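Structure record follows, encoded as structure tokens.
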Amino acid sequence: MEGAIEVLHKEFSGLRTGRASTSLLDPVTVEAYGQAMPLNQVGTVGVPEPRMLTVQVWDKGMVKAVEKAIMDAGLGLNPQADGQLVRIPIPPLNEERRKELAKVAGKYAEETRVSVRNVRRHGMDELKKLEKDGAISEDELHQYSDEIQKMTDASVAKVDHALAHKEEEIMQV
């Protein structure tokens, strides 16, 4: 269940809010030296100010490839090369895009809730099998089932809290 929540936090970090974040460029891959490489392996990604990302490209010949990869990533960003430094201004989000991102965040949260429930179902099935085999008593089955349900409820509450926090962050102007 904790693993599902960690995945949710990773997915949320990739969602763009009004502020710049290095994790925004995590999905970008650059065609470098004949193979696709993650952006962080061809340059240093930095956040010099709240609405600006920079990529200090290590190899001068890769600047154009980095620029092209960022444009083609579908993030709605327009990089500007300045020598070996690529500046990426983060445009402010309009209301429509904010609502769209909030829906995407909601979809991620729902997928995580389903994962948590699948873990619960798997745990319950294991308990029933143990009881059927005689490894645990019926009372223990109910006790462990209640514990699993409490863990599930706590995990779903964490997901809901994370979603509320992310939606608030997205809707912030």
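The values are calculated or read from the model by the stated rules, or taken from the named source; none is laboratory data. The structure displayed is predicted, hence computed values, not measured ones. In this analysis, Cβ positions are derived from the backbone assuming ideal geometry, glycine residues included, and neighbour counts consider all displayed protein chains. These area figures cover heavy atoms from the full protein model, side chains too; ligands, DNA and RNA do not enter into them. Shrake-Rupley method; radii C 1.70, N 1.55, O 1.52, S 1.80 Å.
Are there any pairs, at least 6 apart or on different chains, whose C-beta atoms fall under 6 Å, with the first in region 85-99 and within 17 Å of Glu49 (Cα to Cα) and assigned to a strand (DSSP E or B) and the second polar (S, T, N, Q) and open to solvent by 90 Å² or more (accessible area, probe 1.4 Å), and if so, which?
Arg87/Gln80
Return yes or no: is Glu169 part of a helix (DSSP H, G or I), over 22 Å from Ala4 (Cα atoms) and acidic (Asp, Glu)?
So Glu169 does not fit the description; no.
From Arg87, Arg121, which residue is of a type in the set (Lys, Arg), surrounded by 13 or more Cβ atoms within 10 Å (Cβ to Cβ) and modelled with pLDDT of 90 or more?
Arg87
Among all residue pairs at least 6 apart or on different chains, which show Cβ distances below 6 Å where the first residue, located in region 42-70, is without any contact (Cβ under 8 Å) to a residue 12 or more places away in the chain and open to solvent by 70 Å² or more (accessible area, probe 1.4 Å) and the second is not in a strand (DSSP E or B) and not acidic (Asp, Glu)?
As it stands, the answer is none, since no pair meets every condition given.
Looking at (1) outside any helix (DSSP H, G or I); (2) within 16 Å of the chain's Cα centre (by Cα), find the lone condition where Ala109 falls short.
(1)
Does any residue in region 136-158 that is over 15 Å from His122 (Cα atoms) and without any contact (Cβ under 8 Å) to a residue 12 or more places away in the chain come within less than 6 Å, Cβ to Cβ, of a residue that is part of a helix (DSSP H, G or I) and open to solvent by 50 Å² or more (accessible area, probe 1.4 Å) six or more places away or on a different chain, and which pairs are these?
Every condition considered, the pairs that remain are Ile136/Leu130.
So how many residues does region 124-143 have that are assigned to a helix (DSSP H, G or I) and open to solvent by less than 50 Å² (accessible area, probe 1.4 Å)?
3
Can you confirm whether Arg98 is open to solvent by less than 80 Å² (accessible area, probe 1.4 Å), among the charged types (D, E, K, R), more than 23 Å from Met37 (Cα to Cα) and out of contact with any Asp or Glu (no Cβ under 6 Å at 6 or more places or on another chain)?
Yes; evaluated as a whole, the condition is true for this residue.
Thr54 versus (1) closer than 20 Å to Gln172 by Cβ; (2) in contact with a Lys or Arg (Cβ under 7 Å, 6 or more places away or on another chain); (3) of a type in the set (Ser, Thr, Tyr): which is the lone unmet condition?
(1)
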